Every structure is written in C-alpha cells, then in structure tokens.
1. Looking at the structure I just gave you, is A:Glu357 outside any helix (DSSP H, G or I), more than 16 Å from RNA strand B (Cβ to nearest atom), open to solvent by 60 Å² or more (accessible area, probe 1.4 Å) and in contact with a Lys or Arg (Cβ under 8 Å, 6 or more places away or on another chain)?
2. Looking only at region A:406-427, count how many residues are touching a Lys or Arg at 6+ places or on another chain (Cβ under 9 Å) and under 15 Å from A:Ser341 (Cα atoms).
3. Test A:Val335 against the criterion of being farther than 30 Å from A:Pro246 by Cα, open to solvent by less than 20 Å² (accessible area, probe 1.4 Å), part of a loop (DSSP other than H, G, I, E, B) and touching a residue at least 40 places away in the same chain (Cβ under 8 Å), and give yes or no.
4. Whether any residue in region A:376-389 is under 29 Å from the mean Cα position of the chain (by Cα), at pLDDT 95 or above and among the acidic types (Asp, Glu) is what I want to check.
5. Hey, could you check region A:1-33 for residues that are touching a Pro at 6+ places or on another chain (Cβ under 9 Å) and small (Gly, Ala, Ser) and say which is farthest from A:Tyr311 (Cα to Cα)?
6. Can you say whether A:Phe305 is among the aromatic types (Phe, Trp, Tyr), more than 30 Å from A:Lys139 (Cβ to Cβ) and surrounded by 15 or more Cβ atoms within 10 Å (Cβ to Cβ), as far as the supplied structure shows?
7. Would it be correct to say that A:Met99 is among the aliphatic types (A, V, I, L, M), free of Cβ contacts under 8 Å to residues at least 60 places away in the same chain and open to solvent by 10 Å² or more (accessible area, probe 1.4 Å)?
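The values are calculated or read from the model by the stated rules, or taken from the named source; none is laboratory data. Since the structure is predicted, the reported quantities are computational estimates derived from the model, not experimental observations. Neighbour counts are summed over all protein chains in view; Cβ atoms, including those assigned to glycine, are modelled from backbone coordinates with ideal geometry. All accessible areas refer to the heavy atoms of the entire protein, side chains included, with ligands and DNA or RNA removed. Shrake-Rupley method; radii C 1.70, N 1.55, O 1.52, S 1.80 Å.
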Amino acid sequence: MNTEIFLYNSLTRRKEKFTPIQPDRVGIYVCGPTVYNHSHIGHGKSYVSFDVIVRFLRFVGYKVLYVQNITDVGHLTDNADEGDDKIENEAKKEKINPMEVVETFMRSYFDDMDRLGIRRPDISPRATGHIMEQIELAKRLVEKGYAYVADGNVYFNIAKFPEYGKLSGRKPEDLMAGARVDIRSEKKNPGDFAIWKKAEAGHIMRWPSPWGDGFPGWHLECSAMSMKYLGDTFDIHGGGIDNQFPHHECEIAQSEAASGKSFVRYWLHNNMVTSNGLKMSKSLGNFVTLKDAFKKHDPITLRFFILQSHYRSPLDYSDQSVEGAGKGLERLKNVLRQLRSIVDKSGTEIDFDNLPEEPVNLRRYFSEWLTAMSDDFNSPSAIAALFEMLKDVNSLLSSPNPMSKETACTIISFINKLAGEVLGIIPSEDQAGNRESIEPDLVNLLIQLRADARRNKNFKLADDIRSELQKIGVIIEDNKDGTAYRIVR
RNA sequence: GGCGACGUACCCAAGUGGCUAAGGGAGAGGUCUGCAAAACCUUUAUGCGGCGGUUCGAAUCCGCCCGUCGCCUCCA
C-alpha cells in the first residue's frame, strides 16, 4: 500500500515523515513490564497503543520485527540507584524464589495482554537471559572511558556524553539544581547512573562479572537487548512517557557511547492513564489491575475505550466512560451481525486500491480512516470514520431496498480488516461463531416458542420468555425479517 | 524551583490558520413495533479556560493570567 506515515518523534518534538532504514522493514522496540505485580490499565493503554501501531505498519505493507522486553532483574524500588530489587523484594516477602515471582507475573501479563487482543511481540527477551550481553556492553563502556568502576559498581559518566539530555530536553545542571539529594559519594557526577551493581551479601540474584558478583542496572538491559535483535541503529523505540527520563535518556547514552552510532530514529511515547485525574501508578497505589477491570468490562471494550483517545493524550479511567464506549462498540457489532445474517460466508479478499463508492462509499471512508491512522496513528479519528460508515450501512439496512449479498460481503470484509485486523476492536471470526455448542439451537427453540405465543396473542408468555432470557444475558430483538438474539456478558 | 503537556457541548473525545467545530455516550422529539429492543430521521457549542495581540480570517499562531496534569525519584 502506498501511503506516507507521519509520526510525532519525541526526540525532535515534531511530527515527521516516517522513513525506515530499510524500505520495507521496520524494527521496533518497546519497553516491557517489570514483572513483580499484576498489570494495570496503564499497561493496557501502552501495549494496546503499540499493538495497533505495529498492526497498522504491517497493514500498510511493512515487515515488522517487534521486540518487547521482560524486565526480571535490576529494577530497584528506590531512587538514584538505591533500594532493593523489586523482583527480589517480592520474592522475600512471599518466601519464594525470585524466578517464581517472575514466572507468575510474566504469565499474568501475557494472559492479560492476550485478553486485550494484543498480538504477542515477535521476541520477548528477558533481562536475566541476556546477562552476558549486558556485561559485554558494560565492559565496552568502561574500555571506551564512558563508564568507571567504583567499589564493584559500574557507573556511566554523563560528563563524557555531552548529548545526555537530548531526548528529555534537560541539562545535567538543571537536574542538580532540583531537590534530588545524591547519597552515593562514589559517583563522579550526581546524574551518573548504575550500569552494573555490586551484589551485597544476601542478595539472591547475582552473576559473576569482571567487577565481582553483581547484577545489571535497569537501563542496561534495554540497550543490550534492543541492539542485539535490531542492530545498533533501529527505527522505532516506544514506551511510556514516564520513562522518557531517566530511562530512555540513559539508554541513548549507553548505546550511542558504546556503538558510536545513532541509536534510535523515532522515539514514541504514550501518555498515562489517570484515575480521578491522577496518574495510575503502582507506587501511588491508585491503580486498577486489568484483572479487576475485566470483571466489570469486556476486555475488547476496554481496548476500544483506550483507542477512542489518542495514544499521546492522557486517558482518565472511569467505569462510566468505559460503559459509554461499550455501547458505542455495540453498534459496530450490531451492524456486523445484521450483515452476517444476509450472507453466511465472509472473509473474502478486498482490494483497498479499488473500493466501491456505491451503495456505501467505502472508498471515501477508507481514505478518511487511512489519513487518520497515517497521521501519528490517530485511532479516535479513524474510529470516527468507521462510525460514519456505519451510519450509511444502517440507513441502507433499514431502507426497503435489500442489500445485495455481494455488498454485504464486501462491507463485512472491510470492517473485518480495518476494525478487526488493524484496530482489533471486534472479536475474530472464530471467536464469534464456529462454536461447538447446542446453545444456538436452544435459543432458537425458545425464540420459536415465543413466536408461537405471539401469534396466539399470548404476549404475557412471549414477554416472559424475553425477559427471562435477558436475565441470563440473551437479548431478543424482533426485526422485520424475524427475531434475532445476541449474547451480552 | 526547573522542564514539558493540556484545558473543545451534560460526559468522553478528534480537529493545530479559512467551507455549516468529527465521532461516541447521555438527553429531547418523531418513524417502526402488540409492547420492548435495535435501527433510522430531527435536535442539543454564533462556541473551543479568561483577557489582550498578530492576520482579510484563529479553537488553531504570539503574550499574559487562571486551572489541571506529567517528568525532574521507581512506574506503561
């Protein structure tokens, strides 16, 4: 597909035309979770956003390699390279091995992401699986004079890297002027950050290194693993805006100092999920886990809710807002269901370069959708284009002229592709049907009985059947072609 | 204190110089219906936090003010 994509690059603070290093390939790295706890809605927003970005890049024809790490060591509880390792901390609390903590919450993470309809990254490298690469990187930085050893710790010397601060727009002097108090006197500059940490006695997660037993600093893994799988310079690096500083700034410093090359061409940062206007975060304790949210809301509805705002805008989470989104999404599902009742087969190929303008102007709506998505992945605007199309389709469906099977089929494919395959906001075909179940037959039997009752003007019985079915989540609707049902829950 | 972002209808939310300010939810009226539901039609911001300025023209650019948030310390 011939389309130009523009994206907002945090590094230049402007929208830029996207030009990958290789014409048809895109390498993208997104900072993954630290797996010491269940994921919350903020994680959901971040990974849904990047999932859609990757899906869209693939849709327009790029071969994408998507790498997203799992942090399972080195992430400390406190500021300025102090405090305990978060994983180890949790392990001690539960009296289990740190790797059990990792395994538990990594599975939990993938399970939540699967439910949100997020396609798994192509590579999910773990920090503990790349200790060698991290030590090699640290060694190179020491050899080149960018890092120094102090009491078994290795620190990056930010004074040796004049570009430190270029991503976040900060100067080391400003940082020092802040309230931050540095207690590590062994650092040459207060802003120096740990690449490798010495393991004190009693520290469980430890690996031998040229500087003694220790473990990698948090920032190091992303540099080591992204460059290993995507090369010294790659196209896109994504993550939460809260990681822009210091995490991503440190990644740039380490990577560029080591390789002597430019690290990342486009930096993408998603904004935060707030709750009552305040950032949802583990440390504030005001977060809603995805597992809890799923008890109230359908995961795909949550995904739709997330995509109804732009990835760079903050999103305030409330049950009321998600429910509103859910009703909107129902409209999309209703249309699909009606179309499917016209034809039972679907999934025909559709030529996006040659779309019909009649009876529904798919050419125009696709153009609007594509323009929105190409403009810094503007999913809310793209969704608006789809809803405008729905209005036309519904108009046609409620008009006396029936829609041809061919038209219905084309529209189904259109929706499946744009709303399903790219945005991921409608359940896939196999989830929607093909279920080995007697449930449809049973419901249809009840609908038949109710039809008989209605014919005999026994509306009491007919209404009872309808309301009892509703109680167990089956909604009955009488249309002019008969009675349809849908399942809500 | 430093850096950055945002403030659009009852709610959510696009739009960043120029036709009538997208879309969703909610509300109101109507059509259809045994009644519902769904759907359709009509409708709800001479207005985009406030005040100035630039311009033929601004929600959109500039300045000031008010308010909210993020980062500067772990967080997607």
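1. yes
2. The qualifying residues number 3.
3. No.
4. yes
5. Across region A:1-33, the extreme among qualifying residues is A:Gly27.
6. For A:Phe305, the condition - among the aromatic types (Phe, Trp, Tyr), more than 30 Å from A:Lys139 (Cβ to Cβ) and surrounded by 15 or more Cβ atoms within 10 Å (Cβ to Cβ) - is met.
7. Taking the combined requirement at face value, the residue satisfies it.
Quick grid of which residues meet (1) surrounded by fewer than 16 Cβ atoms within 10 Å (Cβ to Cβ); (2) touching a Cys at 6+ places or on another chain (Cβ under 6 Å); (3) assigned to a helix (DSSP H, G or I):
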| position | (1), (2), (3) |
| --- | --- |
| A:Leu445 | yes, no, yes |
| A:Leu449 | yes, no, yes |
| A:Lys457 | yes, no, no |
| A:Leu461 | yes, no, yes |
| A:Ile465 | no, no, yes |
| A:Glu477 | yes, no, no |
